[in-house]
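The values are calculated or read from the model by the stated rules, or taken from the named source; none is laboratory data. As the structure is a computational prediction, the values presented were derived from the model and not from experiment. Counting neighbours? That spans all protein chains shown, and the Cβs are built from the backbone with ideal geometry, glycine included.
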Amino acid sequence: MTQADRDRLVALKKVKKKLITQREASAELELSVRQVQRLLDGLQDRGDKAVIHGLVGKPSNRRIEEKIETRAMRILSAPVYAGFGPTLAAEYLEKKHGIKASKETVRKWMIGGKLWRAKKEKYTSGGRGGVGLESWCSGTPVSTIGWRGAGKSCT
């Protein structure tokens, strides 16, 4: 149960004890009065689980079956596919083996199966230790960033 669910439950219990009205609870929860009534009915029928979404903890209807994933990983483990990235692997799986999965799904499978590693994000500071356009235009005195004309500032 998330903190938002707990807050919702507290407000509904206040309504149930008649400490606040349904209208005040709807303002507090940023819901309509009708939705507060619906939640109160659910609270009476199902208890505290009424504030939690019904699909929490259930698998997606669009999930690809485990046996298809296993088959795809067995195929991609072959030496023929050794240098393939996720995009090319997804294309070959669909074209040659009839396994339709997005490149992102194949990427996730390949990372999980240790068949592919994502490249680390590049460090984009310019590699000059802060002596770039941002420090040049920041008003930093030129002498501190190693340029001739000590004592002058850039601004």
Given (1) surrounded by 12 or more Cβ atoms within 10 Å (Cβ to Cβ); (2) more than 30 Å from W109 (Cβ to Cβ), identify the lone condition not met by K17. (1)
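Can you pull out every residue in the stretch 68-100 that is of a type in the set (F, W, Y), closer than 18 Å to R117 by Cα and not in a loop (DSSP other than H, G, I, E, B)? Write out each step before concluding.
Narrowing the stretch 68-100 to residues of a type in the set (F, W, Y): 81, 84, 92.
Then drop every residue that is not closer than 18 Å to R117 by Cα, which leaves 81, 84.
Once the filter is applied, which keeps residues that are of a type in the set (F, W, Y), closer than 18 Å to R117 by Cα and not in a loop (DSSP other than H, G, I, E, B), the stretch 68-100 yields only Y81.
Within the group T87, T105, T70, which residue is loosely packed, with under 14 Cβ neighbours inside 10 Å, under 22 Å from the mean Cα position of the chain (by Cα) and at pLDDT 90 or above? It would help to see each step written out before you state the result.
Working: T105 fails: loosely packed, with under 14 Cβ neighbours inside 10 Å; T70 fails: under 22 Å from the mean Cα position of the chain (by Cα).
Every option except T87 fails the conditions.
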Under 6 Å between Cβ atoms, at least 6 apart or on separate chains: pull out the pairs that start in the stretch 97-118 with a residue that is closer than 9 Å to P86 by Cα and end on any residue that is in a helix (DSSP H, G or I) and among the β-branched types (V, I, T). K103/T87
